[in-house]
Amino acid sequence: MEAVIGLLVMILGVSHGVETYCDGRQDGAQCYGALGGTVVLQLMDNTSGISRYQWSIKTTINANTTTITTILSGSNNPFVFNAIENRSFFTPSNGTFRINNLSWTDGGEYKLEIIGSDGLVSEQRTLQLTIQAPVSSVLLVSECLSQGEMRVSCSSKGGDSPQYSWTLDGRTLTDAELLSGNTETDSITLKQNVSGRLVCSVRNKVSNVSEEKTLSTCGVETYCDGQQDGAQCYGALGGTVVLQLMDNASEIFRYTWSRKTTKIVSGRKNMIMFNEIENRSFFTPSDGTFRINNLSWTDGGEYKLEIFDSDGKISEQRTLQLTIQAPVSSVLLVSECLSQGEMRVSCSSEGGDSPQYSWTLDGRTLTDAELLSGNTETDSITLKQNVSGRLVCSVRNQVSNVSEEKTISTCGVETYCDGRQDGAQCYGALGGTVVLQLMDNTSGISRYQWSIKTTINANTTTITTILSGSNNPFVFNAIENRSFFTPSNGTFRINNLSWTDGGEYKLEIFGSDGLVSEQRTLQLTIQAPVSSVLLVSECLSQGEMRVSCSSKGGDSPQYSWTLDGRTLTDAELLSGNTETDSITLKQNVSGRLVCSVRNQVSNVSEEKTLSTCGFIFINCTLKDGTNISQWVFPANNTLCVPPTTAPTTSTYTSTVGYLPIMAGVLSALVILLVVGVAVVCAQKKKQNNKPKEEEDHELTYADVRFAQRPGRQVQQRAKTEVEVEYGQVKFSERPQQTVEPAGDECVYAKVRRDR
């Protein structure tokens, strides 16, 4: 049971700080605890066999006042008195006392008294507990000096009584590598040829933090062809420049290279006669190059080469301009998230005259679609919300090119809240940043403390100090690895917010008398921000359009809709409203539809250009008097179909269908007539060839008539019914004629069509 309770207290009371251990069983032990952290003190082996014990702290108020405060006491019964039980726990079975959330007031001299059954002190010992702020981070900064040396500074954030140590490639730096300083100072100067993996470690009694940097030598070497008159050459400060003054000197009778009136080098053919800076330069007659090392600012200027013939006259001369630039030694990339999830990235270079900048993302140049502001040639850019990847900033000038890369991920959202009103409700985005305005500033405030109250269950509540300070510069910050307090404006910035950051916070301001003069609370709620929005539309059976708006991420999302920049109206909505995640639009609605999804920490929208589903509205009356009025798809419209040549009505007649039928009938009649005439002619010829007694018969031709049957209704699909009446063909006696007809005589029938 004791172990379970101890574990519970460790979980509930543990701070974000460093944990230290100290054996206090020796009288006068010196112990250390980290500010905001935990210390485990070994006060005794165990309490078995001890009648009573008491552990107290002596506090000196001033020269005349000392107080003794009992912290812990107990006896051989299970009950233990603990004055700071909300953040500590004593384990009788192993004699350890664990104190969490250490503050400056926990430091001091403690005394343990063990009292026998007779009530007398049988044993006593003291221990000194010193509270130190731990080192939180280390920064290494290097710069090249005029002679190619490198000065490296090691600065630490936080940390009382810091101690420094340096190593190069895993071993301690030697005097042969150090120009000044030693391995226990915060700044060293390395000689020109030193390179490798340099590590600076900063430690105190409660922490040890280190930072490393790979160094290369400072001396940059450049080359310039000075054989053209007026050549522009560049050399790196502390580095080397190789100047091509001529092809070779073997055929030159005499030459002089000077700056203004000062002769630098002169020679005759392959012999160098004079070199003003021979301690750091060398001329090679065979290839005409002049090498100058350890360049300084004074080496810059205009140089003139004069070539003389054997008569002592100048046969050729030319000038070159040598410009000395400090090389870029290192580049630092710093990124910060802005209020809407954008990311500002700054690229700062150490050293480097006339620096020029360029940026790449994943090996390619940044595009306008990724940049919110700035361009790829500035030292600061702002990236849009969805940009992530391997970002590289390169800084160059005429003598150097140095780059730094950083893998960036999309930003957490930044929110702001004014917590100066008691009971303020504040919101922070999960994984983002919140800026809390706790006070105007700390000027005139004797002491302040900001803490969070966490309710574990109905019976357990913990109070954890997050921030505290006084009118001296030091500020205790339990989460300083991801937050920053600015005393001058009273704002507290917390980054990388997690669910556990949510809760009720209390600010207490103390007067010079140590009493609380003012206090107020704020409630911080953490919400997951909306990350993206998706719009999906579908056409329904009657031509309506259902549109759904789904969001990714986002606690307690709220929805709003607009069409062409204005709120949707009831005349456009068939169902739903502008605050739901799904709406149904009427058939004739089209335009630029936008769905916005927001909560207390984010607001994301998506738009879609809508057109109608393609339905048409029909309105007609059928023959039976039925009125049709509805939306239909054109291909499915079988109710109200307009005719080709007649007005729209349910029943209509078309005459166009008669024409082909009548043409066919007339064609048939013509054929019949031709056949009839042929028959008659054939019969006539036959009679002429018969005996005479047969000639007395007279041929009477048929009377053929076409009559349309009455009483038939002409339907929409027209039909022409034609009745042909055929008469009988008969032969009768005819009078004898005295005159014989000339040849064969054909008399045709008369055709009539009765309407």
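The values are calculated or read from the model by the stated rules, or taken from the named source; none is laboratory data. Quantities reported herein were computed from a predicted structural model and do not represent experimental measurements. For neighbour counting, all protein chains shown are included, and Cβ atoms are generated from backbone atoms with ideal geometry for every residue, glycine included. With ligands, DNA and RNA removed, areas are computed over all heavy atoms of the protein, side chains included. Shrake-Rupley method; radii C 1.70, N 1.55, O 1.52, S 1.80 Å.
Here is a check on your reading of the model: is Ser517 within 24 Å of Asn86 (Cβ to Cβ), within 23 Å of the chain's Cα centre (by Cα) and without any contact (Cβ under 8 Å) to a residue 24 or more places away in the chain?
Criteria not met by Ser517.
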Cβ-Cβ under 8 Å pairs, at least 6 apart or on other chains, region 172-183 side within 20 Å of Glu212 (Cα to Cα), far side at pLDDT 85 or above and open to solvent by 70 Å² or more (accessible area, probe 1.4 Å)
Thr183/Thr172
When only residues in region 538-553 that are over 27 Å from the mean Cα position of the chain (by Cα) and part of a strand (DSSP E or B) count, which is nearest to Gly431 (Cα to Cα)?
Val547
Can you tell me which residues in region 107-125 are of a type in the set (D, E, K, R) and either over 23 Å from Thr66 (Cα atoms) or open to solvent by less than 10 Å² (accessible area, probe 1.4 Å) (or both)?
Asp118
Within region 506-522, does at least one residue satisfy the condition of being at pLDDT 90 or above, hydrophobic (A, V, I, L, M, F, W, C), over 20 Å from Glu336 (Cα atoms) and open to solvent by 30 Å² or more (accessible area, probe 1.4 Å)?
yes
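Restricting the search to region 134-169, which residues are among the hydroxyl-bearing types (Ser, Thr, Tyr) and open to solvent by 20 Å² or more (accessible area, probe 1.4 Å)?
First, pick out the residues of region 134-169 that are among the hydroxyl-bearing types (Ser, Thr, Tyr): 136-137, 142, 146, 153, 155-156, 161, 164-165, 167.
Within region 134-169, Ser136, Ser137, Ser146, Ser153, Ser155, Ser156, Ser161, Tyr164, Ser165, Thr167 qualify.
Can you pull out the residues in region 308-349 that are among the hydrophobic types (A, V, I, L, M, F, W, C), within 30 Å of Leu383 (Cα to Cα) and open to solvent by 40 Å² or more (accessible area, probe 1.4 Å)? Break it down stepwise before answering.
To start, the set of residues in region 308-349 that are among the hydrophobic types (A, V, I, L, M, F, W, C) comprises 308, 314, 320, 322, 324, 326, 328, 331-334, 337-338, 343, 345, 347.
Restricting the remaining residues to those that are within 30 Å of Leu383 (Cα to Cα) gives 328, 331-334, 337-338, 343, 345, 347.
Answer for region 308-349, where residues must be among the hydrophobic types (A, V, I, L, M, F, W, C), within 30 Å of Leu383 (Cα to Cα) and open to solvent by 40 Å² or more (accessible area, probe 1.4 Å): Leu332, Val334.
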If you scan region 450-497, which residues turn out to be within 19 Å of Ile84 (Cβ to Cβ), open to solvent by less than 30 Å² (accessible area, probe 1.4 Å) and free of Cβ contacts under 8 Å to residues at least 40 places away in the same chain?
Ile466
Being within 49 Å of the chain's Cα centre (by Cα) and among the hydroxyl-bearing types (Ser, Thr, Tyr) is the filter here; which residues of region 83-95 pass it?
Ser88
Provide a single number: the residues in region 179-198 that are buried (at least 18 other Cβ atoms within 10 Å of the Cβ) and modelled with pLDDT of 85 or more.
3
Test: Arg396 is among the charged types (D, E, K, R), surrounded by fewer than 20 Cβ atoms within 10 Å (Cβ to Cβ) and closer than 30 Å to Glu508 by Cα:
no
When the residues of region 421-438 are narrowed to those that are within 13 Å of Pro487 (Cα to Cα) and assigned to a strand (DSSP E or B), which ends up most open to solvent (accessible area, probe 1.4 Å)?
Gln437
When you scan region 540-564, how many residues do you find that are without any contact (Cβ under 8 Å) to a residue 60 or more places away in the chain, crowded, with 16+ Cβ neighbours inside 10 Å and under 14 Å from Leu574 (Cβ atoms)?
3
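Residues are listed down the side, and each one gets a yes or a no for (1) out of contact with any Asp or Glu (no Cβ under 6 Å at 6 or more places or on another chain); (2) closer than 14 Å to Met150 by Cα; (3) β-branched (Val, Ile, Thr):
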{"site": "Thr172", "(1), (2), (3)": "yes, no, yes"}
{"site": "Gly196", "(1), (2), (3)": "no, yes, no"}
{"site": "Ala231", "(1), (2), (3)": "yes, no, no"}
{"site": "Met246", "(1), (2), (3)": "yes, no, no"}
{"site": "Ile252", "(1), (2), (3)": "yes, no, yes"}
Determine the pairs where a residue that is at positive phi, located within region 377-388, has a partner that is at pLDDT below 90 and surrounded by fewer than 18 Cβ atoms within 10 Å (Cβ to Cβ) with Cβ atoms under 9 Å apart, the partner being 6 or more residues away or on another chain.
none
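Where residues in region 468-503 are of a type in the set (A, V, I, L, M, F, W, C) and touching a Ser or Thr at 6+ places or on another chain (Cβ under 8 Å), which of them is farthest from Ile445 (Cα to Cα)? Step through it out loud before you land on a result.
Pass one, region 468-503, residues of a type in the set (A, V, I, L, M, F, W, C): 474-476, 478-479, 484-485, 492, 494, 497, 499.
This time we only want the ones that are touching a Ser or Thr at 6+ places or on another chain (Cβ under 8 Å), so: 475-476, 478, 485, 492, 494, 497.
Working: Val475: 13, Phe476: 15, Ala478: 20, Phe485: 15, Phe492: 16, Ile494: 22, Leu497: 28 Å.
Result: Leu497.
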Among Arg598, Arg592, which is over 28 Å from Thr525 (Cα atoms), modelled with pLDDT of 90 or more and open to solvent by 50 Å² or more (accessible area, probe 1.4 Å)?
Arg592
Can you tell me how many residues in region 51-74 are in contact (Cβ under 8 Å) with a residue 40 or more places away in the chain, open to solvent by 50 Å² or more (accessible area, probe 1.4 Å) and more than 59 Å from the chain's Cα centre (by Cα)?
1
Filtering region 267-282 down to residues that are surrounded by 15 or more Cβ atoms within 10 Å (Cβ to Cβ) and at pLDDT 90 or above, which residue is farthest from the chain's Cα centre (by Cα)?
Gly267
